[in-house]
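We did not get these values from a lab; they are worked out from the coordinates using the rules stated. Treat the numbers as computed from the prediction; the structure is a model and nothing was measured. Quick reminder, even Gly has a Cβ in these numbers, built from the backbone with ideal geometry, and neighbours come from all protein chains shown.
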């Protein structure tokens, strides 16, 4: 490049600046951009946490969560009952959050795998912790009463396992008992000599306890292969006697 | 801090001294033109691309953090501008996602005769740069002709340092293959 050509480039730039063809963007423009990026990342993170926690809540509420405790077939029930819509939405938000986070040096300086794993780990840990809070049980109750302004479908449309039911014992007729699930559907749980009580004793189960039952269903009767007491676990707190209402089935 | 560092001059421009920008143009013009000519190998109007780089640098000067390197900042603008230039011309494919950035890659320690081999390669590289994909051509240009280290190239290309190493090595391997082919 000759001196003349070099001068020409400098002159062109000076001319563009002096004529106002190009102007400096003000500082607030970049501050706003940075703030929007931060807020966007935070919002995406919060939505992701909500979705992941809803996945955990959905699995617990439906009973699929307890599937692995019933062996290989129970684990299959868990796999078949995964809330794929929620999982797909979560994946979209993981990708979105990863895209936003890659604008920061702490993320782009490392291989994509590291930041993606960090986002995934935070989502799963945070989602698991949030699922233990009263947020989803409250929203679930409001959804049942059609009082949610939006998102009701997320709670109504939770997939249910075929061979697992979770509910509250409403009465006993030894060795069988009666169960009421969260949709107020009643079941008769048929206990046979081969039925296992996983981590529990049948005689200790009482009215008001929450249990997960694994077995074949025929209309409202379930031939129980295994039962597990889930009273006191997140999503299944033991309600005081006065709150249980008159739901005893004779 | 000496008064005439790039960073100090940039601060003056930010304060409203538009004329000070001319000093930055003077300092970086030659380097960016060299970078453009080698990265945009075979493309016409690479000078127009460099002019756009300076205009964009001026327009966005308030986004520059004076506690960081101005050189890395303006080269980053140049990288973005040259990539856009290649996309507009449509002659070379630029993949949206590069699997090289996904996984970590170990960086091999330099051998005793690597400097000598690099010098020989640099002499022969000039003619055949255009045959390389942009993703290998660019880090080679920045490393061998702009004398940048992996860290700085990583900042400019927004890639992990290990990926920079992988691309340079693959670029060198590709060049050696080209050079070893009979004429």
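On the given criteria, is residue A:64 more than 14 Å from every other protein chain (Cβ to nearest Cβ) and touching a residue at least 24 places away in the same chain (Cβ under 8 Å)? Steps first, answer last, please.
Working: more than 14 Å from every other protein chain (Cβ to nearest Cβ): yes; touching a residue at least 24 places away in the same chain (Cβ under 8 Å): yes.
For residue A:64, the condition - more than 14 Å from every other protein chain (Cβ to nearest Cβ) and touching a residue at least 24 places away in the same chain (Cβ under 8 Å) - is met.
Residues that are farther than 26 Å from residue B:20 by Cα and buried (at least 16 other Cβ atoms within 10 Å of the Cβ): does the range A:32-42 have at least one?
Scanning the range A:32-42, I find at least one residue that is farther than 26 Å from residue B:20 by Cα and buried (at least 16 other Cβ atoms within 10 Å of the Cβ), so the answer is yes.
Of everything in the range A:196-223, what is in contact with a helix residue (DSSP H, G or I) (Cβ under 8 Å, 6 or more places away or on another chain) and crowded, with 19+ Cβ neighbours inside 10 Å? Give them in sequence order.
Listed by number, the residues that qualify are A:212, A:214.
Residues of the range B:1-16 being surrounded by 13 or more Cβ atoms within 10 Å (Cβ to Cβ) and under 21 Å from residue A:18 (Cβ atoms), which ones?
Answer for the range B:1-16, where residues must be surrounded by 13 or more Cβ atoms within 10 Å (Cβ to Cβ) and under 21 Å from residue A:18 (Cβ atoms): B:9, B:10, B:11, B:12, B:13, B:14.
Name the residues in the range B:38-72 that are surrounded by 19 or more Cβ atoms within 10 Å (Cβ to Cβ), part of a loop (DSSP other than H, G, I, E, B) and within 11 Å of chain A (Cβ to nearest Cβ), would you?
Passing the criteria: only B:64.
Is it the case that some residue within the range A:147-169 is over 28 Å from residue A:78 (Cα atoms), free of Cβ contacts under 8 Å to residues at least 12 places away in the same chain and away from every other protein chain (no Cβ under 14 Å)? Outline the logic, then answer.
Initially, the range A:147-169 is screened for residues over 28 Å from residue A:78 (Cα atoms), giving A:147, A:149.
Okay, now just the ones that are also free of Cβ contacts under 8 Å to residues at least 12 places away in the same chain, so A:147, A:149.
Within this subset, residues satisfying the condition of being away from every other protein chain (no Cβ under 14 Å) are A:147, A:149.
Yes, that holds for at least one residue.
Between A:95, A:87, which is within 12 Å of chain B (Cβ to nearest Cβ) and farther than 30 Å from residue A:195 by Cβ? Reasoning before the result, please.
Working: A:87 fails: within 12 Å of chain B (Cβ to nearest Cβ).
The match here is A:95.
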